[in-house]
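Enquirer: My questions will all concern the structure given below.
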Amino acid sequence: MRKPIIIGVTGGSGSGKTSVSRAILANFPDAKIAMIEHDSYYKDQAHLTFDERIKTNYDHPLAFDTDLMIEQLNELLFGRPVDIPVYNYSQHTRSKEVFRQEPQEVFIVEGILVLEDKRLRDLMDIKIFVDTDDDVRIIRRIKRDLLERGRTLDSVINQYLGVVKPMYHQFIEPSKRYADIVIPEGVTNTVAIDLINTKVAAILNKEE
């Protein structure tokens, strides 16, 4: 079995990185391709009280068990299946469930901090940064959290200003320099998406 291709896709919260990842997935319906989210690797917090868990800074590298993600990606590169954690967002800790991920030809590794760790970057064949204006990102986040997560407007704004924005400028934006491709405005940039899909197709065809 040939070595799988790993594509890293990152950007700030609300940048459109998930939409970009899904656009790549949709372009290869006949290939063995899957997306792995960094969010699945939030650390287990079962040893903490609920009040302690909700204080976690989920935009900081220390919130993630990136060691486990790297270990599991290496297993997948060798053609071995892994059991990916399933995070329970309502309880702010891992659930007892896992997701069995089988080896694929292409893996899209998506998350706000996937280019922050050099060990993770070194596993990637293509590194993508989705670069979207701060104003657009906060509007998207407000709409998402109000409609899908039952949050109040004040809580979303306070979290954004207190945690999300500072962490973006400290950890996420600096990782842009490691990207092979920077996509302004995300999935609406069809030229950039087409270029990525063409590159992935060329790698797949070359290795056949």
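The values are calculated or read from the model by the stated rules, or taken from the named source; none is laboratory data. Keep in mind that this is a model prediction, so the values were computed, not measured. We place every Cβ from the backbone using ideal geometry, glycine too, and count neighbours over all the protein chains shown. The protein model used for the area step is the full one, side chains on, heavy atoms only, and it has no ligands, DNA or RNA in it. Shrake-Rupley method; radii C 1.70, N 1.55, O 1.52, S 1.80 Å.
Enquirer: What's the total number of residues in region 89-102 that are modelled with pLDDT of 90 or more and not β-branched (Val, Ile, Thr)?
Expert: 8
Enquirer: Could you say whether any residue in region 66-88 is in contact with a Gly (Cβ under 8 Å, 6 or more places away or on another chain) and under 24 Å from residue 115 (Cβ atoms)?
Expert: Filtering region 66-88 for residues in contact with a Gly (Cβ under 8 Å, 6 or more places away or on another chain) gives none.
No: region 66-88 contains no residue that is in contact with a Gly (Cβ under 8 Å, 6 or more places away or on another chain) and under 24 Å from residue 115 (Cβ atoms).
Enquirer: Does residue 175 count as open to solvent by less than 60 Å² (accessible area, probe 1.4 Å), at pLDDT 90 or above and among the hydroxyl-bearing types (Ser, Thr, Tyr)?
Expert: Yes; evaluated as a whole, the condition is true for this residue.
Enquirer: Would you confirm, using the coordinates I've provided, whether residue 158 is over 27 Å from residue 63 (Cβ atoms) and either open to solvent by less than 80 Å² (accessible area, probe 1.4 Å) or in a helix (DSSP H, G or I) (or both)?
Expert: The answer is no for residue 158.
Enquirer: Kindly list the number of the only condition in (1) over 17 Å from residue 19 (Cα atoms); (2) part of a helix (DSSP H, G or I); (3) touching a residue at least 60 places away in the same chain (Cβ under 8 Å) that fails for residue 147.
Expert: The single condition residue 147 does not satisfy is (3).
Enquirer: Can you pull out every residue in region 182-202 that is within 22 Å of residue 121 (Cβ to Cβ) and either surrounded by fewer than 17 Cβ atoms within 10 Å (Cβ to Cβ) or among the polar types (S, T, N, Q) (or both)?
Expert: 182, 184, 195, 197, 199, 202
Enquirer: Return the pair list, or none, for Cβ contacts closer than 9 Å from residues in region 26-43 that are in contact (Cβ under 8 Å) with a residue 60 or more places away in the chain and at negative phi to residues that are part of a loop (DSSP other than H, G, I, E, B) and surrounded by fewer than 16 Cβ atoms within 10 Å (Cβ to Cβ), at least 6 apart or on different chains.
Expert: Correct list of pairs: 32/102; 34/102; 39/89.
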